[in-house]
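Data first, discussion second: the structure below is written as structure tokens.
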Amino acid sequence: MQTIMEEIMAEAQNNNQQNQEQDLNQILKARREKLANLQAAGKDPFVITKYDQTHHSQEIKDNFEALEGQTVSIAGRIMFKRVMGKASFCNVQDLQGNIQSYVARDSIGEEAYADFKKYDVGDLVGIKGEVFKTKTGETSVHAAEVTLLSKSLQVLPEKYHGLTNTDIRYRQRYTDLIMNQEVRDTFVKRSQIISSIRRYLDGQGFLEVETPMLVSNAGGAAARPFETHYNALDEDVKLRISLELYLKRLIVGGMEKVYEIGRVFRNEGLDTRHNPEFTLMELYQAYTDYYGMMDLTENMFRHVAQEVCGTTLIPYGDVEIDLGKPFERLTMIDAIKKYTGIDFNDIKTTEEAKKIADEKDVHYEARHTRGDIMNLFFEEFVEEHLIQPTFIMDHPVEISPLTKRKPDQPELVERFELFITAREMCNAYSELNDPIDQRERFKAQEAALAAGDEEANTTDEDFMNALEIGMPPTGGIGYGIDRLVMLLTNSPAIRDVLLFPTMKSLDK
């Protein structure tokens, strides 16, 4: 039962919220009235089609000595305004940051100054004037002309409560970008990371290609696909879960080095590391193996970090990741032994593996074999320790349906995963090019699918035909761009590096 004091506080809070809503409604009404008055006076900002912006804010600050006394034109959003009689100050925000402008009636004219005083925080303006420094030493623009480029009819979030609600930030990324400089910096850096990857691979002789997103057979990864219907063909199709099988077809066709950066779609849950729609980079190189892919991966991560961040020492959370020194290399069996003392070289059968899993309270399914259980041990006991860059090599064949077996240990495959900050950053193989073995692997996947594994692959007959024509020894890598961006921008969640992450509809 509420106390009288709690009831009084609740009522006061409710009244305060109602007052804020009433105040907001009045502000929004006033903004529309200002727009109507401008339009009635022939000053409609929405008829303006362009503005000749000559400089950005940081560019002016960085080059003050050369630009002092020069006329520049800036454009951006008013984030602060202080009116002081015949002279005012405003702060204009553009892509690079903020810059102050001094707006005086005697400089822009009485009518223009009267209009400026009615502008609101959030309005977009163009300001032309000379570069100078105030008495306090702040680089500013002394306005000679002020042009209203767009009228903001809404109030920026921080007006009442600040833009700290993560749900609102993700749904309204446009306001998040306006209010939070570090968010803009993250997405500028994301673009730079992708550009750096392209430059690196292009410099290594790779060709960037594009492959289908709507496919009849979604293979190349262990994931449940999204399904849709192609009206023109009257066929059900799937959204791709990987780029792999089409890129390998190109290797068969003689394109020896190919890569693609593109969206893939996996019908899975959402958490700090997973979004159903994400960006994947996959590359394939003929006449090399997973050791060649290890060298390429290590060099590429190091190159991108140095080029984009200016260093290979990357802060992430409360640790510093060193991308400059050689990455550790461990087999999966050795990694499990290192952190549990259990040696899967001594565990020969599925029955033995299930017994040790029962002893260690590792949950498995009836269909799981020795290799599956070995992978479960790795996920349960090892992943959390892999903070610094570590290649985990030689996975069980059961969880690697597209990978070449190790000649001396056919129960294992030539595969590695790179782990950093206890997260898988990339997955790479010596690609399976034996069509007979590949068909048997697909059959095993279909058996797993029939047994209830919704993420298992099915046989892709056209891909099998390509393999039968002949694919050279090939190395391949796939990694999520988003996780790399998370690492290099010190972002804790994948939604922080996706401009428009998947969100549940508000009306659901």
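Distance between the 7 Å Cα→Cβ label points at residue 209 and residue 167: 4.5 nm. Within the accessible area of the chain, the carbon and sulfur atoms contribute 48%, probe 1.4 Å, all protein chains present. Where only DSSP H runs of four or more residues are counted, the chain gives -11500 deg cm²/dmol as its mean residue ellipticity at 222 nm, each run worth -39500 (n - 2.57). Each label point was placed 7 Å from the Cα along the Cα-to-Cβ direction; for residue 51 and residue 68 their separation is 2.7 nm.
In percent, rounded to a whole number, the relative contact order of the chain is 12, using alpha-carbon pairs under 8 Å and six or more apart. Only one residue of 427, 442, 350 has its Cα farthest out toward the positive end of the dipole of region 348-472, where Lys and Arg carry +1 and Asp and Glu -1 on Cβ, and that residue is 350.
Once a ≥ b ≥ c are taken as the square roots of the eigenvalues of the Cα gyration tensor of region 254-353, is the result rounded (a/c under 1.5), prolate (a/b larger than b/c) or oblate (a/b not larger than b/c)?
rounded
The length gained on full extension between residue 272 and residue 199, counted as 0.36 nm times the residue separation minus their Cα-Cα distance, comes to 23.4 nm. Rolling a 1.4 Å probe over the heavy atoms of the protein chains gives region 218-369 an accessible area of 49 Å² per residue.
Would you kindly state how much longer the chain becomes between residue 385 and residue 365 on full extension, computed as 0.36 nm times their sequence separation minus their alpha carbon distance, in nm to one decimal? Don't jump to the answer; show the numbers that get you there.
On the way: separation 20, 0.36 × 20 = 7.20 nm, distance 2.52 nm.
Here the answer is 4.7 nm.
If a/c stays under 1.5 just call it rounded; otherwise compare a/b with b/c (prolate if a/b is bigger, oblate if not). Do that for the chain, with a ≥ b ≥ c from the square roots of the Cα gyration tensor eigenvalues. Note, shape of the chain comes out prolate.
What shape does region 17-62 take by its C-alpha gyration tensor, where a ≥ b ≥ c are the square roots of the eigenvalues and a/c under 1.5 counts as rounded, a/b above b/c as prolate, and the rest as oblate? Since a/c reaches 1.5 but b/c is at least a/b, the shape of region 17-62 is classed as oblate.
Straight-line reach from residue 443: taking Cα to Cα under 13 Å and skipping same-chain neighbours fewer than 8 places apart, the aspartates and glutamates in range are 398, 460, 461. Label positions at residue 83 and residue 319, each projected 7 Å from the Cα along the C-beta direction, are separated by 5.5 nm. When 426, 309 are compared by accessible surface with a 1.4 Å probe, the order from highest to lowest is 309, 426.
At a probe radius of 1.4 angstrom, the accessible area of region 375-479 per residue rounds to 37 square angstrom. In a reduced charge model with +1 at each Lys and Arg Cβ and -1 at each Asp and Glu Cβ, region 370-474 shows a dipole moment near 300 debye about its Cα centre.
The values are calculated or read from the model by the stated rules, or taken from the named source; none is laboratory data. Since we're looking at a predicted model, the values are computed, not measured. Quick reminder, even Gly has a Cβ in these numbers, built from the backbone with ideal geometry, and neighbours come from all protein chains shown. Surface areas here come from the heavy atoms of the whole protein model, side chains and all, with no ligands, DNA or RNA. Shrake-Rupley method; radii C 1.70, N 1.55, O 1.52, S 1.80 Å.
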